[in-house]
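Have a look at the structure below, then the notes.
Rule-based calculations on the coordinates, nothing more; no lab input. Small disclaimer: the values here were computed from a predicted structure and weren't measured. FYI the Cβ positions are ideal-geometry reconstructions off the backbone, even for glycines, and counts take in every protein chain you see.
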Amino acid sequence: LLSELIRVARRFVIMTFFDYYSVKNTLRRIRAPFNHKPPKITMKPDWLRETAAGLGAELVSMPHLFYLFSGHRYALLRKSG
């Protein structure tokens, strides 16, 4: 999906994702053995940065939606060239 977003964008890609390392998701992973909920589909920020670079884009910004109570983050990618 990321490769397609970068491919069709003229210059910028704005997307949201669930951060693997967010406070909320870390607590969710700790509780998982006890409540048997499936893990949330998440991305690691380093993976996003490296994958975008491999596809010809630079990760410009990655702000949190709300740091403590949300695992959501925005990502702003800029295509090179």
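The table that follows gives values for the structure above.
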| quantity | calculated |
| --- | --- |
| Selection from the range 28-58 of residues that are touching a strand residue (DSSP E or B) at 6+ places or on another chain (Cβ under 6 Å), of a type outside the set (Val, Ile, Thr) and farther than 16 Å from Leu76 by Cβ | Lys40 |
| Top-ranked residue in the range 67-81 [being farther than 27 Å from Leu27 by Cβ and out of contact with any Phe, Trp or Tyr (no Cβ under 9 Å at 6 or more places or on another chain); ranked as surrounded by the most Cβ atoms within 10 Å (Cβ to Cβ)] | Ser80 |
| Residues located in the range 48-66, provided they are within 22 Å of Leu27 (Cβ to Cβ) and surrounded by fewer than 13 Cβ atoms within 10 Å (Cβ to Cβ) | Pro63, Phe66 |
